[in-house]
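Colleague: Below: one structure in structure tokens.
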Amino acid sequence: MGRKQERYRVNEERTYNGTPCWEWLLAISKYGYGIDYINGNNVRAHIASWERVNGKVPENHDLDHLCRNRRCINPDHLEPVTRAVNIQRGNGAKLNAETVREIRQRYADGNITLKQLEDEYGVSDSAIGSMIRGKSWTNITQEAAA
Ligand SMILES: [Zn+2]
């Protein structure tokens, strides 16, 4: 019966809007997000933390890290934004027009799930979903059609 392990540490040197980041100390995903384990499921720690305070993230929204610190779980540093806004803010910065076309093509070809695309390209499956349905990166469709 050891001491309960610390789940996060308050980092006074990294702040947003005058409050410190709470940096996750347990598992971190390869994209830098904290991973919590709740009721037998791996969940993103920042989402679980925000939802404990605020209730469910609204449908079709992602939580944006206002502090740009992915391992931070301070609910005050997280804001639910629509997926389109989240991508515009640069959270899809790994993506460019070529990658978006490639993702759409591979998904259209079948044999790959949104989850697999998420893992491969390092963006959320919701972001990939909206890209495939043409709700984000709409300029790419127009370019391709021109
Ligand atoms: Zn933070």
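Since every read-out is calculated from the coordinates, none of them should be taken as a lab result. What you see is a predicted model, and the numbers here were worked out from it, not measured in a lab. Positions of Cβ are generated from backbone atoms using ideal geometry, with glycine treated the same way; all protein chains shown enter the neighbour counts.
Colleague: Hey, what do the phi angles of the range 34-47 turn into as Karplus ³J(HN,Hα) couplings, whole Hz, using 6.51/-1.76/1.60 and θ = phi - 60°, x for Gly and Pro?
Modeller: Once rounded to whole Hz, the list reads x, 10, 9, 10, 10, 6, x, 10, 7, 10, 6, 4, 5, 5.
Colleague: Would you kindly derive the ³J(HN,Hα) couplings of the range 71-77 from the backbone phi angles with the Karplus curve 6.51 cos²θ - 1.76 cosθ + 1.60 (θ = phi - 60°), listing them in order in whole Hz, with x for Gly and Pro?
Modeller: 8, 6, 10, 5, x, 6, 9
Colleague: For the range 97-140, what's the relative contact order in percent, using C-alpha pairs closer than 8 Å and at least 6 residues apart?
Modeller: Numbers: 26 pairs, mean separation 18.6, N = 44.
Normalised by residue count, the contact order of the range 97-140 is 42 percent.
Colleague: Cα gyration tensor of the range 11-71, axes a ≥ b ≥ c as square roots of the eigenvalues: rounded (a/c below 1.5), prolate (a/b > b/c) or oblate?
Modeller: oblate
Colleague: Computed FRET efficiency, Cβ-Cβ of Y37 and E102, R0 25 Å: what is it to the nearest 0.05?
Modeller: 0.15
Colleague: Restricting the calculation to Cα positions, tell me the Rg (one decimal) and the Dmax (whole number) of the range 97-140 in Å.
Modeller: Gyration radius and largest Cα-Cα distance of the range 97-140: 9.3, 26 Å.
Colleague: Next question, about the same structure. Return the sequence-ordered ³J(HN,Hα) values of the range 104-111 in whole Hz as given by the Karplus equation 6.51 cos²θ - 1.76 cosθ + 1.60 applied to θ = phi - 60°, using x for Gly and Pro.
Modeller: Values per residue, Gly and Pro as x: 4, 5, 5, 5, 5, 5, x, 6 Hz.
Colleague: With a cut-off of at most 16 other beta carbons within 10 Å, and DSSP calling the residue loop, which chymotrypsin sites (Phe, Trp or Tyr not before Pro) in the range 23-111 qualify? Please list them. It would help to have the intermediate numbers written out before the result.
Modeller: Numbers: sites: W24, Y31, Y33, Y37, W50, Y107; in loops: Y31, Y33.
The qualifying sites are Y31.
Colleague: Right, something else. Roughly how big is the range 1-43's charge dipole about its Cα centre, with Cβ charges of +1 (Lys, Arg) and -1 (Asp, Glu), in debye to the nearest 20?
Modeller: Dipole size: approximately 160 debye.
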